[in-house]
Each structure stands twice: as C-alpha cells, then as structure tokens.
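Notes to accompany the following structure.
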Amino acid sequence: MFDSLSERLGSIFERLRGRGALEEKDVAEALREVRVALLEADVALPVAKDFIARVKERAIGQEVLRSVAPGQQVVKIVHDALVETLGGAGQDAALDLAMAPPAPILMVGLQGSGKTTTTAKLALRLEKREKKRVLMASLDVRRPAAQEQLRILGEQAGVKTLPVVAGQTPLDIARRALEAARLSGFDVVLLDTAGRLSIDEQLMAEVADIHALARPIETLLVVDALTGQDAVNTAEKFKARLPVTGVILTRMDGDARGGAALSMRAVTGAPVKFVGVGEKLDALDAFDAKRMAGRILG
Ligand code: GDP
C-alpha cells in the first residue's frame, strides 16, 4: 500500500535533505514534484492543491531556510500537513456508543465494497476489545446469499446473528433485530444493509428509511480503497443523503495508491475510523492519521 507514493516522496525528500542550504526555489521545486506525486496517487485535485499551499506557507520562511537542517524541517512540515489532511491526530477511530443499550450501528456501502465482511470484523473487534455483546443482522433481502453469508461469518467470528425469517422486508428485520437485542441484553446491534453495484435512488431511499427507523448512533460507510477517486465520490453521495459518522476503507492491504485515504476526510468531512487490511476477520485496524502519515513518508 502506498508503495509508489512513498517511493516518490522518499526520493524527493532525500534530495532535499542532502543539501546543506536551501533556497526558496529548491523548496518550490520539490513541492511541485510532491504535487505531481499526490495527483498520480489519485489524490483529489483540490486536496492536493490545498496541501501544497499549506506546506509552502510554512516552509518558505527564513526560519526554515536558515535553520541547521532545512531539508529535515521541510519533511517535518510535510508530515504534519499529511496528518492534518488525514483528519488530525485525534481519537476519531473511537465509536460513540454512549447510549442506553442496545446501540444500533448502521453499515452502508456499495456491493462488493467489503461491507458484510467488515460488519463481522467490527463485531468481533467490539466483542474482543471492548467486551461488548454484539448482535448482527443482515437487511439484504435482495441477494439471496447475503443473509447466509453474514450467518457463516458470525459463526466464524463467534458472534451472534439474528435468525433469518423468510419474507421479511429490511425494515421488518431491523425492527426485529432491535427488539431481540433489547430483550436479550445485547450492547450493540450491527445492521448490515443491502448494497448495489452503483448508487441509485432506490438504494438511497431504502437506506434512509432504515436509518429513520433504527436511529443509529453510528452510520458507517464502507468503501473500497482500491477504487481511489471513485471511493471518494461514493462517500460524497452517501454523505449527501445520510448523516454518515465514519468511513471504513477496505483493501488497504492491496496496492491502493493512497488517494482515497488522503482525500476522504477533506472531501467528505467524514472521519476515516477503520481500515480493512486483509480478508481475515481480525484484519481491521483503527485508523491512525499519524501512523498513516508515517507510512506514506516511509
Ligand atoms: P460486500 O458485497 O460489500 O458485502 O462485500 P464482501 O464483504 O462480500 O467482500 C467482498 C470480498 O472482499 C470478500 O472476498 C472479502 O473477503 C474481501 N475483503 C473485504 N475487506 C477486505 C480487506 O480489507 N482486504 C482484502 N484483501 N479483502 C477484503
């Protein structure tokens, strides 16, 4: 992940560090190269522009240029700006579960984004790390195998799933899941909604209805990081219709060029909360802007 972006930035900064003194034009030239590297990594243009402008403003001053190790300073400025772009070094990954249980969490996203797998990963994480009792329910009545897929994942993860009742609508299932969770003392209910190959009005209306019924404390959008700019466009569209409280980027173990991770927060305003880093059920990491920036800079 990020390999080519890391390599590109690495060689730009190596040259910068190698010089004892720096002039304004050296920094400007390096930043031009950084901008190209970001765009080639599929970072959204306005995000790349804003990033470069911020770095430039801080880096091209006498204080930096006349310092003992100017190249090093510029790299530090880039690092800090990367952390900011990624959402800051705060506690964004923490889920807000402060409510009388059961806390509903709505999982939304396109088909194939990794939504169902991520639902099971998150359930396992909440059970293992936060000692929550979690109930999962699939609201996907369109794809016959979807409910069965979640049940099998639940078995693998050792997490309970709501028994399937044939003929129910997504709203019926959501209602039944919330009621079952309340009666059986679950802390969290994860509702896995149906995905589609692309965003359409029907999908959005269905998800909005489920949201209105379940009133989730968290609405988590799952997007595939490998789709780059498309992942960001998808997130923008969901955000326009639903109060998305967080994004989960899947397939960050693949050769995603990094653009989605870098642009997501800035473009959508929604924090990235977790990243999927493999097919196994424990392959879900809390998103950490500082660590991610460190990985990008190598
Ligand atoms: P859905 O249609 O959105 O529910 O997608 P699925 O949960 O069925 O996932 C589709 C495929 O992506 C499955 O083979 C998953 O194992 C795989 N997958 C999901 N998340 C990740 C991830 O973070 N990394 C990798 N490598 N594969 C993933």
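The values are calculated or read from the model by the stated rules, or taken from the named source; none is laboratory data. Just so we're clear, the structure is a prediction, and the values are computed from it rather than from any experiment. Cβ sites come from the backbone with ideal geometry, for glycine too, and all protein chains shown count toward neighbours. Each accessible area value is taken on the protein alone, full model and side chains, heavy atoms only, with ligands, DNA and RNA left out. Shrake-Rupley method; radii C 1.70, N 1.55, O 1.52, S 1.80 Å.
In terms of overall dimensions, the range 180-298 has a Cα radius of gyration and Dmax of 15.2, 50 angstrom. The phi-based Karplus calculation (6.51 cos²θ - 1.76 cosθ + 1.60; θ = phi - 60°) puts the 3J(HN,Hα) values of the range 77-86 at 5, 4, 4, 5, 5, 5, 4, 4, 4, 6 Hz, whole numbers, x for Gly and Pro. Placing +1 on each Lys and Arg Cβ and -1 on each Asp and Glu Cβ, with no other charges, gives the range 193-284 a dipole about its Cα centre of roughly 280 debye. For Gly109, the residues whose amide H sits under 5 Å from its own are Val222, ignoring neighbours fewer than 5 places away on the same chain, with H placed 1.01 Å from N. How much net charge surrounds Leu221 when only the other residues with a Cβ under 13 Å from the Cβ of Leu221 are counted, with Lys and Arg +1 and Asp and Glu -1? Here the charged neighbours net out to +2. Backbone amide hydrogens, once placed in the peptide plane, bring Ala44 within less than 5 Å of Ser263, excluding anything fewer than 5 places away on its chain. Excluding same-chain neighbours fewer than eight residues apart, the lysines reachable from Lys76 by a Cα-Cα span under 18 Å are Lys56, Lys290.
Around the Cα centre of the range 103-210, unit charges on the Cβ atoms of Lys, Arg, Asp and Glu (plus for the first two, minus for the last two) sum to a dipole of about 520 debye. With each label modelled as a point 7 angstrom along the Cα→C-beta vector, the Met99-Arg32 pair spans 5.3 nm. Across the range 292-298, computed HN-Hα scalar couplings (Karplus, 6.51 cos²θ - 1.76 cosθ + 1.60, θ = phi - 60°) run 5, 4, x, 5, 5, 7, x Hz from first to last residue, x flagging Gly and Pro.
In the chain, inverting the average of 1/r over every pair of distinct C-alpha atoms gives 20.3 Å as the Kirkwood radius. Less than 5 angstrom separates the built amide H of Val247 from those of Leu221, Val272, Lys273, Phe274, all sequence-distant by 5 or more or on a different chain. Extension gain for the segment Ser4 to Arg142, taken as residue separation times 0.36 nm less the Cα-Cα distance, is 45.7 nm to one decimal.
The residue list His211, Leu139, Thr161 was ranked by how far each Cα lies along the charge dipole of the chain toward its positive end, using unit charges on Cβ atoms, and Thr161 comes out on top. Dividing the convex hull volume of the alpha carbon atoms of the range 14-144 by its residue count gives 178 Å³ per residue. Modelled label positions at Val165 and Ala208, each set 7 Å beyond Cα in the direction of Cβ, lie 2.8 nm from each other.
Equivalent-ellipsoid semi-axes for the range 54-126 (Cα gyration tensor, √(5λ), whole Å, largest first): 42, 15, 10. Averaged per residue, the range 156-250 has 43 square angstrom of accessible surface, using a 1.4 angstrom probe with ligands and nucleic acids left out. Using just its DSSP H runs of length 4 or more, each adding -39500 (n - 2.57), the chain gives a mean residue ellipticity at 222 nm of -17000 deg cm²/dmol after division by all residues. Between the residues Pro102, Gly87, Val27, the greatest Cα displacement towards the positive end of the dipole of the range 1-134, with unit charges on the Cβ of Lys, Arg, Asp and Glu, is found for Pro102. Heavy-atom surface analysis with a 1.4 Å probe gives the chain a carbon and sulfur content of 50 percent of its accessible area. Using the 1.4 Å probe convention, the accessible area of the range 1-111 works out to 50 Å² per residue with neighbouring protein chains retained.
On the basis of the beta-carbon distance and an R0 of 51 Å, Glu24 and Lys237 show a calculated FRET efficiency of 0.80. Cross-link reach is defined here as a Cα-Cα straight distance under 20 Å, omitting same-chain residues fewer than 8 places apart; for Lys237 the lysines meeting it are Lys115, Lys273.
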